[in-house]
Amino acid sequence: MSAERDDGWPSIPTVLRVMVGWFLFGIGLLNLACGADGTAYLVFHVTVTLGGMILLALHRVEPSRAGYLIASVTGVAGLALGLLPVTDRCCLTAYPERRGYPYPFLGVGDGVHADLRYFVFDLVFWLCAGTIALVVTRVVEGCLPERRTPVDLTGYVGRHAEPAPVAGDVAGHAEVHAYVAQHRADENVGGLT
């Protein structure tokens, strides 16, 4: 799929991806520069910064279907698994049981309360973690051996522009066409020689 339309302008999804990438990269980097307030804070902003960088360079990553699938599973599973442990970290202090990672967004024990703001923070975090998983998947795919099916060429008859040899030429032998190789210094590689 081309990132540009027929008239030369970038497509709307490409523009949105780049805008979100710059936003995440800038916010993550700014918050890292302002200081870290605990491990969860540091993990959150490093992940958001990396997620923004990956969104900016996604056209160079060329993710596969498997990469998109693993990224989606990472985002959804991470958000769901973050609800399992109970934490006493930050946010929703009126509730004895707080769930969510890196920021608790669901308070239970004295009723149930969901904080939409922290839920959005966690969702952004896990989506950025998914983009990191997308790049890791692409790197692993690049390290795997090529998975092409071998092709049997035994029945292949080569065809080219040279005329077929005439039977009986040169005392019953087929005419031999010699290939004259040029010296490497004579080749033109687009002005790089």
Options Asp88, Asp37, Asp115, Asp110; residue that is farther than 23 Å from Val139 by Cα, surrounded by 18 or more Cβ atoms within 10 Å (Cβ to Cβ) and without any contact (Cβ under 8 Å) to a residue 60 or more places away in the chain: Asp115
From the set of residues in the stretch 8-23 that are more than 11 Å from Leu55 (Cα to Cα) and open to solvent by less than 50 Å² (accessible area, probe 1.4 Å), which is modelled with the lowest pLDDT? Gly8
List the number of the failed condition for Leu50; all other conditions in (1) hydrophobic (A, V, I, L, M, F, W, C); (2) within 24 Å of Gly142 (Cβ to Cβ); (3) touching a Pro at 6+ places or on another chain (Cβ under 8 Å) hold. (3)
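If I ask for residues that are within 9 Å of the chain's Cα centre (by Cα) and either free of Cβ contacts under 8 Å to residues at least 60 places away in the same chain or buried (at least 18 other Cβ atoms within 10 Å of the Cβ) (or both), which ones from the stretch 40-62 would you list? Break it down into steps so the answer makes sense when it comes.
Of all residues in the stretch 40-62, those within 9 Å of the chain's Cα centre (by Cα) come to 54-55, 57-62.
Within the stretch 40-62, Ile54, Leu55, Ala57, Leu58, His59, Arg60 meet the criteria.
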Lone unmet requirement of (1) at pLDDT below 85; (2) in contact with a Ser or Thr (Cβ under 7 Å, 6 or more places away or on another chain) for Gly100: (2)
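Could you please give the count of residues in the stretch 118-153 that are of a type in the set (Ser, Thr, Tyr) and either surrounded by fewer than 20 Cβ atoms within 10 Å (Cβ to Cβ) or in contact with a Cys (Cβ under 7 Å, 6 or more places away or on another chain) (or both)?
Initially, the stretch 118-153 is screened for residues of a type in the set (Ser, Thr, Tyr), giving 118, 131, 137, 149.
Checking which are either surrounded by fewer than 20 Cβ atoms within 10 Å (Cβ to Cβ) or in contact with a Cys (Cβ under 7 Å, 6 or more places away or on another chain) (or both) leaves us with 118, 149.
Adding up the residues that qualify gives 2.
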Considering only residues that are within 12 Å of Asp122 (Cβ to Cβ) and among the small types (Gly, Ala, Ser), look in the stretch 73-85 and name the one that is most open to solvent (accessible area, probe 1.4 Å). Ala80
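How many residues does the stretch 91-107 contain that are touching a residue at least 40 places away in the same chain (Cβ under 8 Å) and not in a loop (DSSP other than H, G, I, E, B)? First the steps, then the outcome.
In the first step, residues of the stretch 91-107 are kept if they are touching a residue at least 40 places away in the same chain (Cβ under 8 Å); the result is 101-103.
This time we only want the ones that are not in a loop (DSSP other than H, G, I, E, B), so: none.
Selection size over the stretch 91-107: 0.
The values are calculated or read from the model by the stated rules, or taken from the named source; none is laboratory data. What you see is a predicted model; the values in this text were computed from it and never measured. Cβ coordinates were reconstructed from backbone atoms using ideal geometry, including for glycine residues, and neighbour counts include every protein chain displayed. These area figures cover heavy atoms from the full protein model, side chains too; ligands, DNA and RNA do not enter into them. Shrake-Rupley method; radii C 1.70, N 1.55, O 1.52, S 1.80 Å.
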